[in-house]
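I have placed the structure first, in the form of structure tokens, so that the comments after it can refer back to it.
What follows is calculated from the coordinates using simple rules that are stated; it is not laboratory data. Since the structure is predicted, the reported quantities are computational estimates derived from the model, not experimental observations. Here the Cβ is made from the backbone with ideal geometry for all residues, glycine too, and neighbour counts use every protein chain on show.
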Amino acid sequence: MYDAFGNFEYGATGAAAGYSNRTLTGMGDLLHGGTNNPINTQDITSGANAINNGGTLSTIDSSQIGNVAANANSNGGNTGQVGSGGGGK
């Protein structure tokens, strides 16, 4: 799962920086001895396509990360936010 997220982010970040999908997947191939796993290549391409089709990247204020955790703990971990550790109980 983390592998897919990392490859998607690599593709999205690379595309946002102006690199072509061919360059991004080519570097993945190079780093994997010539041929990257097709699933990894698909994840990279999905990230690049997300940006190329109008998606955007954003950052968070990292000083607020502790506040999110504190809020999650104060209400039993159910913040309703994806990836917050809450929800799915």
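Mean shadow of the stretch 2-52, computed from the convex hull of its alpha carbons, in nm²?
2.9 nm²
Each Lys or Arg adds one and each Asp or Glu subtracts one; over the other residues with Cβ under 13 Å from the Cβ of residue 2, this totals -3.
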